[in-house]
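Following: one structure in structure tokens, then a few remarks.
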Amino acid sequence: MFEIRIHSRGGQGGVTAARLIALAAIRDGRYATAFPFYGAERRGAPVVSFVRIDDAPVKVYSQIQQPDLVFVMDMGVMDVVDVLHGLKEGGTVVTNSAHKHEFAGFRTFNIDLTGIALKEDLVVAGNPILDTAVIGALAKLGIITIESAKKAIAEMFTDERDIKTADDAFREMTV
Amino acid sequence: MPKEEFVLKGTSACPGCSASLALRYVLKAAGPDTVLIVPACCTSVVQGMYPNTAVNVPVVNVGFATAGASASGMSNALRALGKKTNVVVYAGDGGTLDIGIQALSGALERGTDFLYVCYDNEAYGNTGMQRSGGTPLGAKTTTTPLGKPEVKKDIERIVAAHEPPFMATACAAYPQDLFRKVKKALSIRGPSFIHVLAPCPPGWRYPTEKSVEIGKLAVKSGVWVLYEREYGQLAISSPSRTALKNPIPLEEYLAPQGRFAGIDPKTLDILKQRIAKNLQRLAREESGVC
Amino acid sequence: MLTVATGNKAVALAVKQAKPVVVAIYPITPQTEIVEQIAQYVSQGDLSARYIDVESEHSAMAACIGASMTGVRTFTATSSQGLLYMHEMTNWAAGARLPIVMANVNRAIGPGWNIWAEHTDAMQERDTGWLQVYVSTVQEAYDTTLMAFRIAEHNDVLLPVMVNLDGFLLSHVMQPLDTVEPADFIPPLHLPHTVDPKNPMGYGTLTGPDEYFKFRWDIERSMRDSLRVIEAAHKEFFQRFGRTYGFTEDYRCEDADVVVVSMGTLGKEVEVAVDNLRNEGIRAGSMRLRWFRPFPKLDLMNRDVVVIDRDYSFGFGGVLAHSIQAKNRTGVFSVIAGLGGQEVTYDDIAGFVKNRHIGREYWFGVSDNV
Ligand code: SF4
């Protein structure tokens, strides 16, 4: 089982990103669940979302304690939340940033999701929407295929730019 | 008025009950293609006991607080089925002004196609005459043995604020007026509301044969004003129009009723002032200057 | 068709396919997605139902009752405080023998305000005459909602059915969902006591003790009959759509020395614990109770029983644990866990099994030791 934890802020699309990843994994022929941990639903509050991907039906509902991968969609969250908490040894950290951050003992990647979203003008209520870029980036890491990622996006959205940002992220992510 | 009766012999109403009398006229006007919705009130008992019923249209008894909501469900379902069946609520003042006001407000606001008739005997009659929001200032009930210190809740203006296409007041002592208003209400689509004053011998403490007389005194003194408001336009109904040219003193209405016995002059004065104010407001509204 | 959905969306989708004529729902977290989704179906013309924007849950149930009396299919949904607020009317719905289907998204009860999963809300409805079923996956939420209409409306039942799904844990989790075409799996509703002006009758009139008593017995008789109807619905569902359901979902119970009984999403987590325990040489099994009313016969003879309650009856104990003790005349280890959305992992559950002490009650995270 591969377990992902996504850190974001309300309004950025963290919950939707988790759902897109699960849908893409299912389109890859695998099993997956996605779920958020909800506090009160407020814009701007730190949000944690989870994805589990497996080759058998996922029966676990409790929160992910030891993720294989942590995705930090909002760098500011790191000031208030220990994003590395429980991350498996040798696990992966992806940050939404133009600059590389090193986290000792972990594989680290960075990608400027915000820049990609702004380039496509994907902004809702002042927030760049990052969810489709997230799954483009994860496709590059081989967690899901880019074909299924695009299928998932097409099933959930109608805006062409959503697929474009996933493609951009896939291209710009350096592995 | 049609001869056909929908309230049959064998009701268990108190002798002289004008609420049951009013129901007779309401159903005569509504006719056989009607469903009557009754929350907890005297009518729950008056209709008779299972397996018998003294009412010759379907009567759906519903939860105390739910008349408006139950009617919403019923009306929507019937309309979805393409049926024009009248949905008529017959509820007391407790079920309307107090515990049922939220459901009533919701049903009005949603534009439910139904008629809500509130028969107002100004207390909780089924449980033996406790004070309700409909009890007038100074009236004695079993829970206001010294007379109610607060004024009657103005349900009409609360309902009017929802701007239903049709609303009216009526009194069991004026059957023609009540009959006409029910007919009119049911001819208009959307929510309508009729507030019926229902003198109640045991509750108001007067002899059983005086119900009609008391009802007339209420109108003649201006305590109860018969009017209708169609699409916002108010019209005073003819019995009140005639009566108010030369109203009788309030004391003539209060005197036969034990519930007002020994009312103090200050309370009496407040009651009189409030009647005058209400009449002024209605007159102003009728002439369009409010 | 294979798609994905949250538990809430799955319920809404099943409702759309069941084609109710009247839907009356009041929003409450974590159920709100259901009301929003159905409102959207109606506004887009995907569901040609009357959608009543009621002003409270009490009115939601009352509106469903009023509508149902005309013989049409009705649906509502709620959660927690909302369910408690409609409690008077849930009794009424069952007493009036109306086959209303309701989704209840299980949530804790205030104070303090807590929006997370707990079963105490539905437990407070257990004596109302509603059938109650608890589901554990998005697929099961969908399938069971479809079955609920068929079961409720069956002439031998004519009682309302409550489909329970865990708040957030299931309502907001996204999982694969294989949708079906229900077609005549849900036959048209024929309510024998439909209100009809051509045949005027009194409904819910004043009723004396002897007659009233018979009506109560009638409810119980239908409750008992519903066991057969539920079984038939499960069978028919399998034949048409290929998925198996029972009163319980049993996992590796045949040779188990210890069986964990639970309801809702916890039951799936238990299966993971069972696998891990078996790897350690402990012969464990999981019995996830689906139908809580009517309460089925459970095969729990000659083994240890651990019951996890996500509910509590103060001054008494875990409702499920005591129901099993009473019905099966067997001692159990009663674990109270997951109240207010408390995290309960498969490792925690394995711990309950290993440290079981039959006859005791254990509050997870509170009791010092077993
Ligand atoms: S208490 Fe009054 S309103 Fe009620 S039945 Fe008797 S007379 Fe009628």
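The values are calculated or read from the model by the stated rules, or taken from the named source; none is laboratory data. These numbers come from a predicted model, not from an experiment. Note that we place each Cβ from the backbone using ideal geometry, even for glycine, and neighbour counts take in every protein chain shown. In case anyone asks, the SASA skips ligands and DNA or RNA and just uses the protein heavy atoms, side chains included. Shrake-Rupley method; radii C 1.70, N 1.55, O 1.52, S 1.80 Å.
Evaluating B:Val151 against the criteria (1) open to solvent by 10 Å² or more (accessible area, probe 1.4 Å); (2) over 22 Å from B:Lys220 (Cβ atoms); (3) among the β-branched types (Val, Ile, Thr) leaves one unmet condition, (2). Restricting attention to region B:125-160, the residues that are in contact with a helix residue (DSSP H, G or I) (Cβ under 8 Å, 6 or more places away or on another chain) and closer than 30 Å to B:Asn76 by Cβ total 8. Pairs linking a residue in region A:147-158 that is within 13 Å of chain C (Cβ to nearest Cβ) and surrounded by 13 or more Cβ atoms within 10 Å (Cβ to Cβ) to a residue that is polar (S, T, N, Q) and not in a helix (DSSP H, G or I), with Cβ atoms under 8 Å and 6 or more positions apart or on different chains, are A:Glu155/C:Thr3.
Here C:Leu227, C:Leu169, C:Leu189 are screened, and the one residue that is closer than 30 Å to B:Ser75 by Cβ, among the hydrophobic types (A, V, I, L, M, F, W, C) and either assigned by TED's automatic domain parsing to the domain that holds C:Leu146 or in contact with a His (Cβ under 6 Å, 6 or more places away or on another chain) (or both) is C:Leu189. A Cβ distance below 6 Å, combined with a sequence gap of six or more or placement on separate chains, defines the contacts here; from region B:4-27, residues that are away from every other protein chain (no Cβ under 14 Å) and assigned to a helix (DSSP H, G or I) reach residues that are at pLDDT below 95 and within 8 Å of the ligand (Cβ to nearest atom) in the pairs B:Ala19/B:Cys42; B:Ser20/B:Ala13; B:Ser20/B:Val46. The lone criterion from (1) open to solvent by 30 Å² or more (accessible area, probe 1.4 Å); (2) within 14 Å of another protein chain (Cβ to nearest Cβ); (3) part of a loop (DSSP other than H, G, I, E, B) left unmet by C:Val195 is number (1). Report yes if B:Arg110 is of a type in the set (D, E, K, R) and closer than 23 Å to B:Arg189 by Cβ, otherwise no. So B:Arg110 fits the description; yes. Can we say B:Gly82 is more than 10 Å from every other protein chain (Cβ to nearest Cβ), more than 25 Å from C:Met86 (Cβ to Cβ) and either among the acidic types (Asp, Glu) or in a loop (DSSP other than H, G, I, E, B) (or both)? When the stated conditions are applied, B:Gly82 passes them.
Among the residues of region B:33-54 satisfying the criterion of being within 7 Å of chain C (Cβ to nearest Cβ), touching a residue at least 40 places away in the same chain (Cβ under 8 Å) and open to solvent by 10 Å² or more (accessible area, probe 1.4 Å), which is nearest to the ligand (Cβ to nearest atom)? The qualifying residue nearest to the ligand (Cβ to nearest atom) is B:Val45.
The residues listed here are C:Val42, C:Val11, C:Val54, C:Val15; of these, the one that is at the interface with chain B (Cβ under 10 Å from one of its Cβ atoms) and modelled with pLDDT of 95 or more is C:Val54. Assess whether B:Gly63 counts as being more than 9 Å from every other protein chain (Cβ to nearest Cβ), within 21 Å of C:Ile65 (Cβ to Cβ) and crowded, with 24+ Cβ neighbours inside 10 Å. Considered against the rule, which asks whether it is more than 9 Å from every other protein chain (Cβ to nearest Cβ), within 21 Å of C:Ile65 (Cβ to Cβ) and crowded, with 24+ Cβ neighbours inside 10 Å, B:Gly63 comes out as no. Counting residues in region B:75-89 that are in contact with a Leu (Cβ under 7 Å, 6 or more places away or on another chain), modelled with pLDDT of 95 or more and open to solvent by 10 Å² or more (accessible area, probe 1.4 Å) gives one or more. Taking each residue of region B:82-95 that is on the phi < 0 side of the Ramachandran plot and looking for partners that are among the aromatic types (Phe, Trp, Tyr) and surrounded by fewer than 24 Cβ atoms within 10 Å (Cβ to Cβ) with beta-carbon atoms closer than 8 Å, six or more apart or interchain, yields B:Gly94/B:Phe64; B:Gly95/B:Phe64. Residues that are in contact with a helix residue (DSSP H, G or I) (Cβ under 8 Å, 6 or more places away or on another chain) and more than 23 Å from C:Phe364 (Cβ to Cβ) number at least 1 in the following strands (runs of 3 or more DSSP E) confined to region C:223-329: C:291-293. More than 26 Å from B:Gly203 (Cβ to Cβ) and β-branched (Val, Ile, Thr): does that describe B:Val26? So B:Val26 does not fit the description; no. Here C:Thr207 clears all of (1) more than 24 Å from the chain's Cα centre (by Cα); (2) closer than 28 Å to C:Val11 by Cβ except the condition numbered (2).
Those strands (runs of 3 or more DSSP E) of region C:21-84 that lie entirely within it include none in which at least 2 residues are open to solvent by 20 Å² or more (accessible area, probe 1.4 Å), among the basic types (Lys, Arg) and farther than 18 Å from C:Thr145 by Cβ. Going by the conditions given, is B:Leu23 modelled with pLDDT of 95 or more, within 13 Å of the ligand (Cβ to nearest atom) and open to solvent by less than 10 Å² (accessible area, probe 1.4 Å)? Judged against the criteria, B:Leu23 is a match.
For A:Leu84, the requirement of being touching a Lys or Arg at 6+ places or on another chain (Cβ under 9 Å) and either over 18 Å from A:Arg171 (Cβ atoms) or not polar (S, T, N, Q) (or both) is not met.
Under the condition of being open to solvent by 70 Å² or more (accessible area, probe 1.4 Å), away from chain A (no Cβ under 13 Å) and in a helix (DSSP H, G or I), the residues counted in region C:330-365 number 1. With respect to (1) of a type outside the set (Phe, Trp, Tyr); (2) touching a strand residue (DSSP E or B) at 6+ places or on another chain (Cβ under 9 Å); (3) open to solvent by 40 Å² or more (accessible area, probe 1.4 Å), the lone exception for C:Val274 is condition (3).
Yes or no: region C:253-270 includes at least one residue that is under 19 Å from the mean Cα position of the chain (by Cα), more than 14 Å from every other protein chain (Cβ to nearest Cβ), within 14 Å of C:Met147 (Cβ to Cβ) and open to solvent by less than 50 Å² (accessible area, probe 1.4 Å). Checking region C:253-270: not a single residue is under 19 Å from the mean Cα position of the chain (by Cα), more than 14 Å from every other protein chain (Cβ to nearest Cβ), within 14 Å of C:Met147 (Cβ to Cβ) and open to solvent by less than 50 Å² (accessible area, probe 1.4 Å).
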